[in-house]
């Protein structure tokens, strides 16, 4: 986007509909360098938005597409737009649910798992993150119900491990035990409930599962239930091992 009509921009970012933008602009809620716009159909530039010079109710306007955030998902939230229950999108500003293009998560976590979820409106980035060929390795802290057998790392790293109910072996995964019932798992793919099913195949059960890193991008200081807007450096780190 080099230039875009103000009313369309506000609508795309979820602040209001294009029809509502007429009244919003007239009321002086949208400012550029502290000065109110006079018309809803004025053009604004990409640079005006990214620089923070354009404000809505005194706050810098959200970045336009492509837009990506990293969420630290708490247990009990679902990575979905339309399932019943508490959704990860409820943890984000309400206006973001009206953004166009829509935000989607790149690599789900199941309801009881916690940690890093990447949410983006960039379809190319989403595909790149979840595609096994890009090698965006995902890192998980895992706690198990029973003691480890001792041969898990060797079995998971072969590239021949077959989960119960599957006919295609898993790509090689790296398991590093940290106690007699916990450790770190690194995956290059993300099949349905993969880590839980890997251990179930060996007669064990995952108690807690926390994703803390994808590629070279770690959650670090992001608190549970909070999010961080990702910049270019963060996005590059996603594919750096």
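Just checking, does the range 93-104 include any residue being under 22 Å from residue 184 (Cβ atoms) and under 13 Å from the mean Cα position of the chain (by Cα)?
Our first condition is that a residue be under 22 Å from residue 184 (Cβ atoms); within the range 93-104, this holds for none.
Within the range 93-104 (the criterion being under 22 Å from residue 184 (Cβ atoms) and under 13 Å from the mean Cα position of the chain (by Cα)), the answer is no, since none of the residues qualifies.
Among the residues making up the range 51-105, a single one is exposed (fewer than 13 other Cβ atoms within 10 Å of the Cβ) and in contact with a helix residue (DSSP H, G or I) (Cβ under 6 Å, 6 or more places away or on another chain): 100. Residues considered: 120, 167, 134, 158. Of these, the only one that is in contact with a helix residue (DSSP H, G or I) (Cβ under 6 Å, 6 or more places away or on another chain) and farther than 25 Å from residue 226 by Cα is 134. Within the range 128-143, the set of residues being in contact with a strand residue (DSSP E or B) (Cβ under 9 Å, 6 or more places away or on another chain) and part of a helix (DSSP H, G or I) comprises 128, 129, 130.
In this structure, does residue 31 turn out to be outside the structural domain of residue 190 (by TED's automatic domain parsing) and either surrounded by fewer than 18 Cβ atoms within 10 Å (Cβ to Cβ) or outside any loop (DSSP other than H, G, I, E, B) (or both)? So residue 31 passes the test.
Yes/no per residue for (1) over 20 Å from residue 121 (Cβ atoms); (2) in a strand (DSSP E or B); (3) not assigned by TED's automatic domain parsing to the domain that holds residue 193:
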site	(1), (2), (3)
38	yes, no, yes
47	no, no, yes
55	yes, yes, yes
72	no, yes, yes
76	yes, no, yes
81	no, no, yes
84	yes, no, yes
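Taking (1) without any contact (Cβ under 8 Å) to a residue 24 or more places away in the chain; (2) under 30 Å from residue 216 (Cβ atoms); (3) surrounded by 13 or more Cβ atoms within 10 Å (Cβ to Cβ) in turn, residue 47 satisfies each apart from (3).
The values are calculated or read from the model by the stated rules, or taken from the named source; none is laboratory data. In this text the structure is predicted, and so the values were computed from the model without any measurement. Positions of Cβ are generated from backbone atoms using ideal geometry, with glycine treated the same way; all protein chains shown enter the neighbour counts.
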